[in-house]
Every structure is written in C-alpha cells, then in structure tokens.
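Heads up: the structure comes next, in structure tokens.
The values are calculated or read from the model by the stated rules, or taken from the named source; none is laboratory data. Note that the structure is a prediction, hence the values are computed from the model and not measured. Note: ideal-geometry Cβ built from the backbone for every residue, glycine included; neighbour counts use all protein chains shown.
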Amino acid sequence: MRLIPVPRAKTGCISYIIADGAAGTCLVVDPPEDPTAVLRTVDGLQARVVEVLETHTHADHVSGAHHVGQMLGVPVRLPSKSQATYSHRSYGDADALRVGDVEVRALHTPGHTADSMSLIVGGRALVGDALLVGTVGRGDFYPQGIEELYHSLFDKLLTFDDELMIYPAHFGPRHGLPERTSTTLGEERRTNEALNQKTKPEFVRYMSEGWPPKPQGWEEIVERNLKG
C-alpha cells in the first residue's frame, strides 16, 4: 500500500492517493478543482483510479471530485451525511472501503462539518480538517460543530495509539499552519493546545474565542460543492 500526499502550496490544501501497487489501482481523496497534479501523480504510479472520495464538504475551495469522477468515468463516494445533490455513492461510519487488497476504514468525525469523515489505513489516518498539525479545524460552520468536534477528537481519534500517523487536508501559512503535511497522534497529544483543554467546557470556550473570520464566500463555495 502507498499513501501519497499531493500538496498545493497556493491553496494550502492536500489531496491524497491511496494505491495498491500490486493491483495497479488507487483511490483519489479530496481532489482540487484543477486535478492536473493529482492525475499526473496517478500516471506516475501507473495506477488506475477506481473511485474518488471526499472527506467532507469543503468550505474554503472548490472541489474537483465530481469533475474527476466524470472525466475518468468512476464513482464518487461522499460521506453519508453529505447533502450533495449530484450523483454519488455514500459511505458511513465503520464502513470498510477497498482498493485492491487495501482496506480503508471510515470513521465519522463531525465537528468541522457535519459530514466530516476520517479514513484509517493501517497505521495512518486521513483526518480531513478535524485535526491539523498543531491545531484543529474550526467548528463554527454549524451550531453543534464545536461540541461534535470535541467528541470526535477526544472520544474517537484520541483513542488510537500515539504512533498513528496523521494526514490532514490543510497545511502552510495560508491557513496559519506549519509547512509540514503530517504529524503523529502522540505529538499532537503532547503539544496541540486544543487537545490539552482539560474539560469539554474548556474546549468549547477555547474554540469559541479568537478564531479568524470564516473564509470569504464560504457559503457560496459550499453550495457549489454540493451541486458538483
């Protein structure tokens, strides 16, 4: 199994490719509006895309999932809580997705968005925007977001071992983040201020104060992503 990040410095977003080299097949996760770099990476692997996945409904950039699915003639799989109106397949909590002999386990981790999912592949986790390097995703896109994010982090992701590798959907200064595109759960457990809030009320207070404004035009971006 290979997990290949495809970061985009201009937007600070990261797409991923999950590939089974022996089978020559792969999944594309969170492709951007312009998928050129992702598809070039797939070509370099000499792999065939069998499915396109989204970890959540993005609010800061236009997704390329529907476009890539149509271009390649492969299914698009969205979280079961997604409100997308274009043709797609759904996946939900505890579902086991496959690419070749590789199993990808789905974990519902709402909070950043109501439909947010994490993808567990062996000792690695694609966490969307639930957990980032040094911080966590904002939880103010919907009323229950912060409380749901607390439970996703403390009752779900933080139950894994420290060695779990964390692969978020964002990085870099555009989002006020380090340039690193991965971390470990142990490092975040030790150093991430959000994860060191002692109680749920403390976490809610921490997540409610001092955050920057939401991305400009985020509601229009979400609407566009839901329509494909």
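One residue is enough: does region 150-162 have a residue meeting the conditions in a helix (DSSP H, G or I), surrounded by 20 or more Cβ atoms within 10 Å (Cβ to Cβ) and not hydroxyl-bearing (Ser, Thr, Tyr)?
For region 150-162, residues in a helix (DSSP H, G or I), surrounded by 20 or more Cβ atoms within 10 Å (Cβ to Cβ) and not hydroxyl-bearing (Ser, Thr, Tyr): present.
Filter region 62-71 down to the residues that are in contact (Cβ under 8 Å) with a residue 24 or more places away in the chain and crowded, with 19+ Cβ neighbours inside 10 Å and list them by number.
Ser63, Gly64, Ala65, His66, Val68
Given the conditions (1) of a type outside the set (Asp, Glu); (2) in contact with a Gly (Cβ under 9 Å, 6 or more places away or on another chain); (3) over 19 Å from Gly145 (Cα atoms); (4) surrounded by 18 or more Cβ atoms within 10 Å (Cβ to Cβ), report the number of the one that Arg174 does not fulfil.
(4)
Which number in (1) at pLDDT below 95; (2) charged (D, E, K, R); (3) within 13 Å of the chain's Cα centre (by Cα) marks the one condition that Arg180 misses?
Failed condition: (3).
So in region 13-58, with the set limited to residues that are surrounded by fewer than 20 Cβ atoms within 10 Å (Cβ to Cβ) and part of a loop (DSSP other than H, G, I, E, B), which one is nearest to the chain's Cα centre (by Cα)?
My answer is Glu33.
In region 186-215, what residues are under 20 Å from the mean Cα position of the chain (by Cα) and free of Cβ contacts under 8 Å to residues at least 40 places away in the same chain?
Gly186, Glu187, Arg189
Within region 175-228, which residues are of a type in the set (Phe, Trp, Tyr), part of a helix (DSSP H, G or I) and closer than 25 Å to Lys10 by Cα?
Residue satisfying the conditions is Trp218 alone.
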